[in-house]
Amino acid sequence: MKLSLWRRYSFPASHRLFRAEWSGEENERIFGKCANPYSHGHNYALEVAVTGPVDPATGMIANLADLDSFVQQKVLDAFDHAYMNEQIPEFRECVPTTENVCRVIFQRLAGFPHAHIEGVRIEETGKNSFEYAAPSNP
Amino acid sequence: MIRVTRKLEFSAAHFYHNPDFSAEENRRVFGKCNNPHGHGHNYVLEVTVAGEPDPKTGMVLDLKELKEILDREVTQRMDHRHLNYEVPELAGKIPTCEELAKVLWRILEPKIHQGRLDRIRLYESPDLFVDCTADSAKDAR
């Protein structure tokens, strides 16, 4: 059997989906309401999965205090109440769709020293969610 | 292949304490969970069985039978119980969500005869849950 521990976090943030090299009309055609120049926001729910052996001394894959402080430092300190287009450097080069937010957050978490980060899942709203898995199993 | 999931809730108490650790180490590693008086959770268990529907019944498995298995093996044994003292499979282990999910897998897997157990998802709270899935790699512990 294989065990994965999932921990759920949340952060409100704003974004705007547009490409500077496209016309206003083209941005609106592709991104619709999400291209609104004033931006808009969501309450994002972030789920992080870690996997690895269960330490028999603690019964844990990873200590939640370690995971929480790592996620806080690598992700929440930057993303919480941020305008992602301007305040998250990775989005200077790519559109902050939730697909890309998943990938960026996964990359920020991949160096967790206590267990293998298996994937992340983000709910942008109650109706849509996105999942990014590590390319291969440990 | 079709996956069928049945969900149930149970409430139980636990605390974390490793007798090989000093009192200070227990507090440092386990934090509030080390409180010897215990504390409780409303656990939510999702049990997923995978298989092909039987053409005669249209069912992967008889959900009534699964409900009876879950009632007998989980609800009757764990609901309103203290996991440290009342679940023998957890004896000598720290009753974390990880260990409890492993125990539930080992209890339920041999009892599913139509289809096969595909995943156990155990929520300790809405913000913390563990997935246990079949894996070709040998389980070392």
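Only the coordinates and a few stated rules stand behind these numbers; no lab work does. Not measured: the values here are computed from a predicted model. Neighbour counts run over all protein chains shown; Cβ positions are idealised from the backbone, glycine included.
Laid out as a table, the results:
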{"quantity": "From phi via Karplus (6.51, -1.76, 1.60), per-residue ³J(HN,Hα) for the range A:69-76 in Hz, x at Gly/Pro", "calculated": "6, 5, 5, 4, 6, 7, 10, 5"}
{"quantity": "Hydrodynamic radius of chain A per Kirkwood, over alpha carbon pairs, in Å", "calculated": "16.1 Å"}
{"quantity": "Of B:Asp131, B:Asp20, B:Asp118, the one that fluctuates the most in a GNM where chain B has Cα springs shorter than 10 Å", "calculated": "B:Asp20"}
{"quantity": "Averaged over B:98-111, number of beta-carbon atoms from partner chains that fall within 10 Å", "calculated": "2"}
{"quantity": "Around A:Leu67: net Lys/Arg minus Asp/Glu count, Cβ-Cβ under 13 Å", "calculated": "-3"}
{"quantity": "Loop GluC sites (Glu not before Pro), the range A:72-138 (other Cβ atoms within 10 Å of the site Cβ: 10 or fewer; DSSP)", "calculated": "A:Glu93"}
{"quantity": "The range B:68-141: C-alpha gyration tensor shape, a/c 1.5 cut-off, then a/b vs b/c", "calculated": "rounded"}
{"quantity": "Rg over Rh [alpha-carbon atoms, Kirkwood Rh] for the range B:2-133", "calculated": "1.05"}
{"quantity": "DSSP bridge orientation in the range A:4-133 - percent antiparallel, rounded to nearest 5", "calculated": "95 percent"}
{"quantity": "Rough spin-label spacing in nm, given labels placed 7 Å along Cα→Cβ, for B:Ile2 and B:Asp20", "calculated": "4.7 nm"}
{"quantity": "Virtual spin-label span in nm between B:Arg72 and A:His40, 7 Å along Cα→Cβ", "calculated": "5.3 nm"}
{"quantity": "Per-pair calculated FRET efficiency, R0 = 22 Å: B:Val44 and B:Lys64 via Cβ, rounded to 0.05", "calculated": "0.60"}
{"quantity": "Amide H within-cut-off set for A:Ala82, under 5 Å, with H built and near neighbours excluded", "calculated": "A:Ser14"}
{"quantity": "Value at 222 nm in deg cm²/dmol, rounded to 500, when DSSP H runs of n ≥ 4 in chain A each add -39,500 (n - 2.57)", "calculated": "-6000 deg cm²/dmol"}
{"quantity": "√(5λ) per eigenvalue of the Cα gyration tensor, the protein assembly as shown, largest first, Å", "calculated": "38, 26, 16"}
{"quantity": "Dipole in debye (nearest 20) - the range B:2-133, about Cα centre, beta carbon charges: Lys, Arg +1; Asp, Glu -1", "calculated": "120 debye"}
{"quantity": "Label-point separation in nm, B:Arg81 to A:Tyr83, each point 7 Å along Cα→Cβ", "calculated": "5.6 nm"}
